[in-house]
1. Within the stretch B:166-176, can you find the residues that are without any contact (Cβ under 8 Å) to a residue 40 or more places away in the chain and either of a type in the set (Phe, Trp, Tyr) or within 8 Å of chain A (Cβ to nearest Cβ) (or both)?
2. So if I check each of B:Ala111, B:Ala91, which one is in the same structural domain as B:Thr172 (by TED's automatic domain parsing), open to solvent by less than 30 Å² (accessible area, probe 1.4 Å) and at pLDDT below 95?
3. I'd like to verify a number: residues in the stretch B:131-156 that are open to solvent by 10 Å² or more (accessible area, probe 1.4 Å), part of a helix (DSSP H, G or I) and within 7 Å of another protein chain (Cβ to nearest Cβ), how many?
4. Considering each of B:Pro28, B:Pro52 in turn, give the residue that is near DNA strand D (Cβ under 8 Å from one of its atoms) and either open to solvent by less than 40 Å² (accessible area, probe 1.4 Å) or out of contact with any Cys (no Cβ under 7 Å at 6 or more places or on another chain) (or both).
5. Considering only the stretch A:1-18, state which residues are within 12 Å of DNA strand C (Cβ to nearest atom) and either touching a residue at least 24 places away in the same chain (Cβ under 8 Å) or acidic (Asp, Glu) (or both).
6. How many residues does the stretch A:33-49 hold that are open to solvent by 50 Å² or more (accessible area, probe 1.4 Å) and more than 10 Å from DNA strand D (Cβ to nearest atom)?
Protein chains: 2
Amino acid sequence: MTKERADAARNREKVLAAAAELFAAKDPRTVTMEDIARAAGVGRGTLYRRYPDVASIATALLDEHEKALQHELLQGPPPLGPGAPPRERLAAFYAAMVELLDRHVHLALGAETGARRYVTGAYGFWRAHVIALLRAAEVADPDALADALLAPLAPDVFAYQRERGVTPARLTAALAELARVLDR
Amino acid sequence: MTKERADAARNREKVLAAAAELFAAKDPRTVTMEDIARAAGVGRGTLYRRYPDVASIATALLDEHEKALQHELLQGPPPLGPGAPPRERLAAFYAAMVELLDRHVHLALGAETGARRYVTGAYGFWRAHVIALLRAAEVADPDALADALLAPLAPDVFAYQRERGVTPARLTAALAELARVLDR
DNA sequence: CGTGCAACCGGACACCGTGTCCGCTTCGCC
DNA sequence: GGCGAAGCGGACACGGTGTCCGGTTGCACG
């Protein structure tokens, strides 16, 4: 990773800015590489030089926001960070994720092309975190439960619920309850 | 819906058979209309006459299998059908769905292009069923919880877990526990 | 039977997005 | 200010989509 050339950096900015706008403006699943290139005033070749596909651009944009939450989970104050009982931490995690989703569904939706969700680094992080919490709560088979408990946070589920009139607040409440009743 | 012409019926059979084979043979998400037409020995126009896209063909194939389960939920013996306590019925539902998924993931994956999952008639059925159970169990906000509880049954989640080594049996056990601890 | 009409078939077509390739431009170090 | 390398971007070939329409086939009715 040597130093980035000035023109390259300039283009990277233009691309990310244009992409962010596009994802917010229209159905993120219909945004194409061509769209982004045009909006950024950049050739398609330039785009492909850095990002293999649309999803990876959305992921790059999303990562920034996820980083903050990941940091809080690891060393922030309870109940998000260490110190609170596992079920409380799980509830807090749910709440934080719902808030994150609420602000950035468009990006999250854009980042999903098929099973892409699970290969992204972030999912692995959430997974590891939930598994650790479940283990601490002495629940049976944390490995199997973790993905099941993360599934409600899938962007398309969230988008669907919101569209149906389930507010983030109600969802948070429902998930908090779910977290608290886990195994006794 | 007048009577179907003989040649049309013949072609419908050929198409469904060829599609079933294709979905099972390769990654269902990469099956194309052209593939199916070629495999069925049928023109592309013929395909489009009946099915607007690949997903709807997979859905048609899947529906057949889902119908049976839906019937059992409505009027089969407990614990799947009416008569058992709601949490037991939910656990049984989970078990049945996992088994269904295990047998037909390829179809379920083929049926999913983006948010297609939620517009299909089947999802609405599962949703209504779970909501009814939650209401009977006197859980708070069944509407918000239902989608969350159905999320772990998303085909891509199932496929991912299985690929990771979580057997259907373990998944069933984990979900059963989840169902039983709901709200107290 | 045979005939006519409607339903059905299927290949051709135009379009769009993808991903790659390569001649040209720009950068920044010496 | 010159030069090597990194970066750029348009052109290209490909593959899938969805539509359209001339030709074909099935079936009801005489």
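1. First, pick out the residues of the stretch B:166-176 that are without any contact (Cβ under 8 Å) to a residue 40 or more places away in the chain: B:166-167, B:169-170, B:173-174.
Across the stretch B:166-176, the qualifying residues are B:Val166, B:Arg170, B:Ala173, B:Ala174.
2. Working: B:Ala91 fails: at pLDDT below 95.
After ruling out the rest, the residue left standing is B:Ala111.
3. Total meeting the criteria: 2.
4. Working: B:Pro28 fails: near DNA strand D (Cβ under 8 Å from one of its atoms).
Criteria check complete, one pass: B:Pro52.
5. Filtering the stretch A:1-18 down to residues within 12 Å of DNA strand C (Cβ to nearest atom) leaves A:2-11.
Once the filter is applied, which keeps residues that are within 12 Å of DNA strand C (Cβ to nearest atom) and either touching a residue at least 24 places away in the same chain (Cβ under 8 Å) or acidic (Asp, Glu) (or both), the stretch A:1-18 yields A:Glu4, A:Asp7, A:Asn11.
6. Total meeting the criteria: 1.
Results for (1) more than 12 Å from DNA strand D (Cβ to nearest atom); (2) at pLDDT below 95; (3) open to solvent by 40 Å² or more (accessible area, probe 1.4 Å), shown as yes or no for each residue.
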position: A:Arg5; (1), (2), (3): no, yes, yes
position: A:Glu21; (1), (2), (3): yes, no, yes
position: A:Asp63; (1), (2), (3): yes, yes, yes
position: A:Leu69; (1), (2), (3): yes, no, no
position: A:Gly76; (1), (2), (3): yes, no, no
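The values are calculated or read from the model by the stated rules, or taken from the named source; none is laboratory data. No experiment lies behind these values; they were computed from the predicted model shown. Every residue, glycine among them, receives a Cβ derived from its backbone with ideal geometry; neighbour counts consider all protein chains shown. What goes into the accessible areas is simple: the full protein's heavy atoms, side chains included, and nothing from ligands, DNA or RNA. Shrake-Rupley method; radii C 1.70, N 1.55, O 1.52, S 1.80 Å.
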